[in-house]
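The values are calculated or read from the model by the stated rules, or taken from the named source; none is laboratory data. Small disclaimer: the values here were computed from a predicted structure and weren't measured. Cβ placement follows ideal geometry from the backbone for every residue including glycine, while neighbour counts extend to all protein chains displayed. Ligands, DNA and RNA are stripped out before the accessible areas are found, and what is left, the full protein with its side chains, is counted by its heavy atoms. Shrake-Rupley method; radii C 1.70, N 1.55, O 1.52, S 1.80 Å.
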Amino acid sequence: MKIHIKTFGCQMNKHDSEAVVGLLMEHGYEITENRNDANVFLVNTCSVRKHAEDKVYSMLGELRKLKKKKNRIDSIVGVMGCMAQKDKNGIFKRAPNVDFVCGTHNFHKIPEIIKSAIEQKTKINLTDMDKQVFVSPTLSSRENKSAAWVSIMRGCNNFCSYCIVPYVRGREVSRPSKDIIREIKELVHAGYKEITLLGQNVNSYGKGLNKNIDFSDLLELVHEIKDIERIQFVTSHPKDISLKLINALANLEKVSRYLHFPLQSGSDKILRLMNRGYTLSQYLDIVNKLRKRIPDIRLGTDIIVGFPGEKEEDFDQTCQTMKEIEFAQAYMFKYSPRDGTTAFKLKDDVTPQVKKDRLNKIINLQKLVSQKKKK
Ligand code: 5AD
Ligand code: SF4
């Protein structure tokens, strides 16, 4: 049996796909890059913006044609990840060629689900969210052979008002540090030099664990592992950046001098509506402390334009802040209403044209900033 997997979305999704590929290989499946060649199509999905979902549904439409053309009635189509979790049975209605949906807490069961889908020929929906499960890739299923992702937590408790993640990835659960360290030591033993610690909100690591440990402590433990040359991590929430973490970043020389901690907006009014838990001046205070302690630190952000209620002056404040901070890297998005989030109840009152104009404007602004920084 050959499996083709297509992944949409963030690094967490790419890492989940690596883990699922590892499991499937252990169960004797072969992975193929050529979807025409596959018996099973797996799509790992993203729900963060509508655009990401539209891409998945359009791909599922293409698969239907492929299925018909090849007359391969035995070819199985599975949808996994955030959209599977969000839309559940609804996926079968919109894409009747889909055979199974597997939510974010059930990846470890994928080999079993595929087997049942082949044998039973009935549609399968596995989307309970009882327990966060950590599945690691195998050495051969890892995409990058010198830099490795290691998951340290799953889910998110922040409930930013626009964001679907806490609903589809569930509540935040930290992984025991001994499991993380064991995995990293195995990776180092296999020759990996660069590790990226992954989580939706890595700097709140440690809550709910038996051991009293926070993210700075974890960084120190990882730093002690011999033969690691570089440690990175994503993503951090501004409200959880402590002085202890800033000191750890300053002192641990193998930790990359790059911090991605999304600002989202430069307007206090919008930050409040977004439920971000900080004001612009608190954010700027962290930036100042970071730069004072670590002068060569590079900063990265995510920005959403066109959030409900965003007036020209709010947007201007975001632009001003971007100019002032001079981020080394910025990912910028138009607000996309997500059903089920609290912001969905707010009137999406910024017109599509204004969202588009603001996005273009801020992308151009950031281009100038990064050109200036490169000089
Ligand atoms: N609309 C637009 N962008 C969003 N993000 C999260 N939810 C939405 C949404 N509904 C962005 C945020 C987040 C990044 C991963 O995606 O900027 O930091
Ligand atoms: Fe979404 Fe906010 Fe959690 Fe990031 S911190 S995943 S934006 S809810």
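Between 0 and 90 degrees, rounded to the nearest ten: what's the tilt of helix 110-120 against the longest Cα principal axis of the chain?
30
For the range 2-126, give the percent of accessible area contributed by carbon and sulfur heavy atoms, probe 1.4 Å, rounded to a whole number.
So the carbon and sulfur contribution to the accessible surface is 50 percent.
Let me check I have the definition right: for the range 144-256, take the eigenvalues of the Cα gyration tensor, multiply each by 5, take square roots. What are those semi-axes in whole Å, largest first?
They are 24, 16, 13 Å, listed largest first.
Starting from the eigenvalues of the Cα gyration tensor, five times each then square-rooted, give me the equivalent ellipsoid semi-axes of the range 138-178, largest first, whole Å.
Working: eigenvalues 144, 36, 13 Å².
Three semi-axes, in Å: 27, 13, 8.
Identify, among V21, H189, M332, the residue whose Cα sits farthest towards the positive end of the charge dipole of the chain, taking +1 on the Cβ of Lys and Arg and -1 on the Cβ of Asp and Glu, with the dipole about the Cα centre.
Selected residue: M332.
What is the distance, in nm, between label points placed 7 Å from the Cα along the Cα-to-Cβ direction at K292 and at A147?
My value for the distance between the label points is 3.2 nm.
Find how much the distance from T351 to E186 grows on full extension, using 0.36 nm per residue of separation minus their present alpha carbon separation; answer in nm with one decimal.
54.3 nm
What nm value, rounded to one decimal, do you get for the distance between N275 and N125 when each label is placed 7 Å out toward the C-beta?
So the label points at N275 and N125 sit 2.5 nm apart.
Could you work out how much longer the chain between K14 and N247 gets when fully extended? Use 0.36 nm per residue separation minus the Cα distance between them, nm to one decimal. Write out the running numbers ahead of the final one.
Numbers: separation 233, 0.36 × 233 = 83.88 nm, distance 3.07 nm.
Extending this stretch completely gives an extra 80.8 nm.
Label K115 and K50 with points 7 Å out from Cα along Cα→Cβ: what is the distance between them in nm?
Reported label-point gap for K115 and K50 is 4.2 nm.
Could you provide, to the nearest whole Å², the per residue accessible area of the chain with probe 1.4 Å?
Spelled out: the 1.4 Å probe surface of the chain, per residue, equals 47 Å².
Treating only the Cβ of Lys, Arg, Asp and Glu as charged (+1, +1, -1, -1), what charge dipole size does the chain show about its Cα centre? Round to the nearest 20 debye.
800
Checking the table K88/K311; K6/K269; K65/K355; K334/K373 against a 28 Å threshold on Cα-Cα, which pairs fail?
From K88/K311; K6/K269; K65/K355; K334/K373, over 28 Å: K88/K311; K6/K269; K65/K355.
Would you mind giving the three semi-axes, in whole Å and largest first, of the ellipsoid equivalent to the range 2-126 according to its Cα gyration tensor?
The three semi-axes for the range 2-126 are 19, 17, 14 Å.
Once the range 191-273 is represented by equal point scatterers at the alpha-carbon sites, with solvent omitted, what log10 I(q)/I(0) does the Debye formula produce at q = 0.25 Å⁻¹?
Calculated log10 I(q)/I(0) at the listed q: -1.30.
Among S281, P352, L139, which residue has its Cα furthest toward the positive end of the charge dipole of the chain, with +1 on Lys/Arg Cβ and -1 on Asp/Glu Cβ?
So the residue we want is P352.
If I stretch the segment between R230 and Y258 completely, what's the gain in nm (0.36 nm per residue apart, minus their alpha carbon distance), one decimal?
8.9 nm
In degrees between 0 and 90, to the nearest 10, how far off the longest principal axis of the chain does helix 280-293 point, with axes built from Cα atoms?
Tilt relative to the chain: about 80 degrees.
Be a star and scan the range 100-131 for residues whose amide nitrogen sits under 15 Å from the point 7 Å along the Cα-to-Cβ vector of D179.
Counting only backbone N, you get 105-109, 130-131.
For the chain, state the average projected area of the convex hull of the C-alpha atoms over all orientations, rounded to one decimal in nm².
That works out to 19.3 nm².
Show me the trypsin sites (Lys or Arg not before Pro) within the range 113-153 that DSSP assigns to loop and that have at most 16 other Cβ atoms within 10 Å of their Cβ.
Those satisfying the criteria are K121, K123, K131, K145.
Just to confirm the number: angle between the C-alpha axis of helix 50-70 and the first principal axis of the chain, 0 to 90 degrees, nearest 10?
The angle comes out at about 20 degrees.
Under a Cβ-only charge scheme (Lys and Arg +1, Asp and Glu -1), can you give me the dipole magnitude of the range 122-162 about the Cα centre, in debye to the nearest 20? Please list the in-between numbers first.
On the way: 5 positive and 3 negative charges, 25 e Å.
Approximately 120 debye in magnitude.
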